[in-house]
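The values are calculated or read from the model by the stated rules, or taken from the named source; none is laboratory data. All values reported here derive from a predicted model rather than from experimental measurement. Here the Cβ positions follow ideal geometry from the backbone for every residue, glycine too, while neighbour counts run over all protein chains shown.
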Amino acid sequence: MSFFKQYFPGILILLVFIISGITLYQDYGASMDEMTQNYIGKVSYDYIFKGDTTLNSYIERDHGTGFELPLMAIQQTLHKTDWTDIILLRHIATHLFFLLCMFSGYVLTYRIFKNQLIACSAFIMLVLDPRLYAHSYLNSKDIPSAGVCMLILSATAWAFEKKRLIPYAILGVVCGYAVSIRLMNLIYVMPILSYILWDIAANRKNNSQVISLSTSLLLLIACFSLTLYTFWPTLWGHPIKSLIESFESMSRFRWEGNVFLGGLTYEAQKLPWHYIPSWFLITIPTFWIFLGFTGIIFFITQCLKDPTQLLKSPLNRNLLLWLFCFLTPVLIVITLHAVVYDDWRHVYSIYPPFILLGAYGFSELLKTKLSIIYKVLWGMQLVFVCSFMFKYHPYEAVYFNGLVSHKKNDLLKNYELDYWGSSNKDALEWILEHSADDTIKINNNNWILWFNSQVLTPDKRKRFVVTDNPSEIEYYIENFRTVPYKYPETCDSIVHQIMVLNSPIIRITRFKK
């Protein structure tokens with residue numbers, strides 16, 4: 001009850017988010033990777049419970065199963081076999097997981113800053129980034145990875161504050177689970193171990209402290225290893241060898257497609273260094289970017305004034321960890337020339353530490369004489385964000401801030417738009433509403449289009465027939481990713497487009513009258 005009273009504002013916001021999610025989750029179509037992600041979970045589930053050895057030769061065995069395996073267990077328990085039910089289950093489960101993880105960010109910021117305004121603001125910023133919000137339904141790998149990153153930061157602060165075995169054990173479990181979702185999350189474990197080793201060295205003359213810290217370290221490592229091993233069946237045969245192979249595979253991923261940024265097409269294997277920074281800066285609300293970098297500047301300035309306090313102050317320790325978790329993944333991707341694509345989604349885990357730094361920046365700004373102005377600006381930004389999300393729901397994943405032009409077709413000419421292809425569901429729904437035919441023939445060269453037709457209810461999906469014969473196609477549907485639309489704006493046969501910020505994210509062309 002004391003927890004409920006203490007954190008009542010955040011709990012209230014969480015309930016609003018949950019109710020909204022339950023109301024909205026059926027509005028989103030299926031995304032490009034959902035069938036693959038579902039199968040990743042199934043292969044591991046069958047390996048554990050059915051003795052199926054497909055996992056041993058499965059090409060995607062280097063993908064962590066920390067989220068997909070429990071999700072598949074739920075799917076099997078509930079006997080979900082139709083794609084309509086499977087996708088809906090995946091969407092609501094992923095979203096609720098996201099909300100609960102981000103709620104830990106509210107608890108963390110309140111415990112650190114002792115200010116409900118700062119804590120609630122941080123919670124709202126964590127959830128209501130439009131892109132991440134839409135992905136929290138569609139994306140069961142990058143969003144859970146970002147969520148557990150938030151859990152790591154919260155559990156770390158709690159463990160170092162309490163200095164007891166149980167918090168360190170829980171921290172080990174959280175870290176192990178995070179790595180079982182995405183191997184790159186191992187990055188976040190390194191500074192935690194470094195902190196404990198630093199404390200051991202700093203207290204080397206105090207035997208009881210050294211013993212206590214050493215025990216905590218060993219317990220953390222044990223819980224980490226056990227959790228990682230449990231949730232990632234790929235490791236069960238040869239743990240170390242499989243880890244090394246997965247790291248090598250993921251650092252030079254096998255995707256050889258192209259990406260589109262600033263009007264230029266790049267090979268995913270040869271990305272410019274600014275690929276992730278550019279996407280990051282144009283797809284997050286601008287005032288929240290300002291707060292994040294303000295927090296970084298305040299922290300660096302403070303460290304330069306008194307470097308001796310860097311690892312002594314609990315706040316500074318947290319700030320240093322957040323800065324490390326924000327910068328390091330990006331620097332590693334740039335240094336290793338790692339393959340990333342589809343905006344900056346592969347490193348969405350940098351968003352929680354950036355927002356926590358923003359909460360710190362906000363707290364410092366509110367101590368100045370201009371505090372009321374900063375509050376108003378934050379409120380205005382929230383209004384703009386909510387207005388965009390309300391107007392363009394369920395296409396929040398195509399959000400761009402004011403740092404790029406929103407004039408007619410400018411986004412289309414310069415950036416990938418609905419690369420997930422989830423808008424295909426609404427394109428199909430539109431055709432169903434505007435055609436009385438029992439059988440409707442659509443193009444067969446768009447895999448995600450076919451998949452979204454399978455996500456429709458059985459009575460709707462049976463009306464669609466895919467065909468490769470151009471003379472038979474009645475409606476040609478395509479979402480925009482990296483190549484121009486097959487049928488340009490001037491085509492008289494275009495019957496419908498879904499527009500976001502004055503650019504079409506999907507287009508329907510009518511062939512047969």
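One line per residue, one yes/no per condition, for (1) more than 16 Å from Ser104 (Cβ to Cβ); (2) at pLDDT 90 or above:
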residue	(1), (2)
Phe160	no, yes
Leu171	no, yes
Cys175	no, yes
Ala178	no, yes
Asn185	no, yes
Ile196	yes, yes
Asn207	yes, no
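Can you name every residue in the stretch 291-313 that is touching a residue at least 60 places away in the same chain (Cβ under 8 Å) and not in a loop (DSSP other than H, G, I, E, B)?
Leu291, Gly292, Phe293, Thr294, Gly295, Ile296, Ile297, Phe298, Phe299
Examine the stretch 383-401 for a residue that is at pLDDT 95 or above, within 27 Å of Ser104 (Cα to Cα) and of a type in the set (Lys, Arg), and state whether such a residue exists.
no
Of all residues in the stretch 1-50, which are of a type in the set (Ser, Thr, Tyr) and more than 19 Å from the chain's Cα centre (by Cα)?
Within the stretch 1-50, Ser2, Tyr7, Thr23, Tyr39, Ser44, Tyr45, Tyr47 meet the criteria.
Need the failing condition index for His238 against (1) touching a residue at least 60 places away in the same chain (Cβ under 8 Å); (2) surrounded by fewer than 14 Cβ atoms within 10 Å (Cβ to Cβ), just the number.
The single condition His238 does not satisfy is (1).
For the stretch 420-433, which residues satisfy the criterion of being part of a helix (DSSP H, G or I) and touching a residue at least 60 places away in the same chain (Cβ under 8 Å)?
Answer for the stretch 420-433, where residues must be part of a helix (DSSP H, G or I) and touching a residue at least 60 places away in the same chain (Cβ under 8 Å): Asn424, Lys425, Asp426, Ala427, Trp430, Ile431.
With respect to Gly176, determine if the residue is within 17 Å of the chain's Cα centre (by Cα), within 30 Å of Ile284 (Cα to Cα), in contact (Cβ under 8 Å) with a residue 12 or more places away in the chain and surrounded by 24 or more Cβ atoms within 10 Å (Cβ to Cβ).
no
Quick one: which of Val385, Val340, Val347, Val333 is surrounded by 15 or more Cβ atoms within 10 Å (Cβ to Cβ) and touching a His at 6+ places or on another chain (Cβ under 6 Å)?
It is Val340.
Can you name the residue in the stretch 1-24 that is in a helix (DSSP H, G or I) and hydroxyl-bearing (Ser, Thr, Tyr) and, of all such residues, is farthest from Trp450 (Cα to Cα)?
Selected residue: Ser2.
For residues that are surrounded by 12 or more Cβ atoms within 10 Å (Cβ to Cβ), among the aliphatic types (A, V, I, L, M) and either more than 19 Å from Ala169 (Cα to Cα) or touching a residue at least 40 places away in the same chain (Cβ under 8 Å) (or both), tally how many sit in the stretch 194-212.
Going through the stretch 194-212 one residue at a time, the tally reaches 1.
Over 25 Å from Trp450 (Cβ atoms) and surrounded by 23 or more Cβ atoms within 10 Å (Cβ to Cβ): is that true of Tyr133 in this structure?
Taking the combined requirement at face value, the residue satisfies it.
Of the numbered conditions (1) aliphatic (A, V, I, L, M); (2) touching a His at 6+ places or on another chain (Cβ under 6 Å); (3) surrounded by 23 or more Cβ atoms within 10 Å (Cβ to Cβ), Ile355 satisfies every one except a single condition; which is it?
It fails just one condition, (2).
A quick yes/no check of all residues on (1) assigned to a helix (DSSP H, G or I); (2) among the basic types (Lys, Arg); (3) touching a helix residue (DSSP H, G or I) at 6+ places or on another chain (Cβ under 8 Å); (4) modelled with pLDDT of 95 or more:
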residue: Gln26; (1), (2), (3), (4): yes, no, yes, yes
residue: Gly29; (1), (2), (3), (4): no, no, yes, yes
residue: Met32; (1), (2), (3), (4): no, no, yes, no
residue: Gln76; (1), (2), (3), (4): yes, no, yes, yes
residue: Thr81; (1), (2), (3), (4): no, no, no, no
residue: His95; (1), (2), (3), (4): yes, no, yes, yes
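Out of all the residues in the stretch 444-474, which are within 31 Å of the chain's Cα centre (by Cα) and part of a strand (DSSP E or B)?
none
Name the residues in the stretch 37-63 that are hydroxyl-bearing (Ser, Thr, Tyr), loosely packed, with under 14 Cβ neighbours inside 10 Å and assigned to a helix (DSSP H, G or I), would you?
Passing the criteria: only Ser57.
Between Gly29, Gly66, which is in contact (Cβ under 8 Å) with a residue 24 or more places away in the chain, over 30 Å from Ala119 (Cα atoms) and surrounded by 13 or more Cβ atoms within 10 Å (Cβ to Cβ)?
After applying the criteria, what remains is Gly29.
Filtering the stretch 249-283 down to residues that are modelled with pLDDT of 85 or more and of a type in the set (Phe, Trp, Tyr), which residue is farthest from the chain's Cα centre (by Cα)?
This residue is Tyr266.
I'm trying to understand the selection: among the residues of the stretch 83-102, which are farther than 16 Å from Lys141 by Cβ and surrounded by 24 or more Cβ atoms within 10 Å (Cβ to Cβ)?
Met102
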